[in-house]
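Below: the structure, in structure tokens.
The values are calculated or read from the model by the stated rules, or taken from the named source; none is laboratory data. From a predicted model like this one, the values you see are computed outputs, not experimental measurements. Using ideal geometry, Cβ is built from the backbone for each residue, glycine included, and neighbour counts are taken over all protein chains shown. Surface areas here come from the heavy atoms of the whole protein model, side chains and all, with no ligands, DNA or RNA. Shrake-Rupley method; radii C 1.70, N 1.55, O 1.52, S 1.80 Å.
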Amino acid sequence: VGAGESNGVNVKCPDVETAELLIEIGKAQRAKYLHRSWVRVPWGAMDEGELRHRLDSSYRLIRAGLTKKAQAALAAFPEG
């Protein structure tokens, strides 16, 4: 969520096109200082189910990009 950033949460999208679509339809904003595949979702912009989906998807994308050693260190935290 980030220090001092209490108005929403940054999530990674599977691609830039998905991020741009979320921004275009008003459910997200460009995430400052991050790649274009990241967006900031303001609290209340999505219903709980959609936000949960975005958070789970973001977690899986980031975890998949880690080394096998780093993934193994996260074994205590199951996906989804």
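I want to confirm something. Restricting to the range 35-46 and keeping residues that are assigned to a loop (DSSP other than H, G, I, E, B) and open to solvent by less than 70 Å² (accessible area, probe 1.4 Å), which single residue is farthest from Gly8 (Cα to Cα)? Filtering first and then ranking leaves Ser37. Note on the range 52-67: residues that are loosely packed, with under 13 Cβ neighbours inside 10 Å and modelled with pLDDT under 95 amount to 5.
When Ala72, Ala3 are screened for being loosely packed, with under 11 Cβ neighbours inside 10 Å, at pLDDT below 95 and not in a loop (DSSP other than H, G, I, E, B), only Ala72 passes.
Here Gly49 clears all of (1) surrounded by 10 or more Cβ atoms within 10 Å (Cβ to Cβ); (2) modelled with pLDDT of 95 or more; (3) over 13 Å from Val9 (Cβ atoms) except the condition numbered (1). Applying the criterion of being of a type in the set (Val, Ile, Thr) and surrounded by 12 or more Cβ atoms within 10 Å (Cβ to Cβ) to the residues of the range 11-34, the residue that is nearest to Leu61 (Cα to Cα) is Val11.
Remark: pairs (first residue in the range 12-28, over 14 Å from Leu51 (Cα atoms); second residue assigned to a helix (DSSP H, G or I); Cβ separation under 8 Å; 6+ apart in sequence or on different chains) = Pro14/Ser57; Pro14/Leu61.
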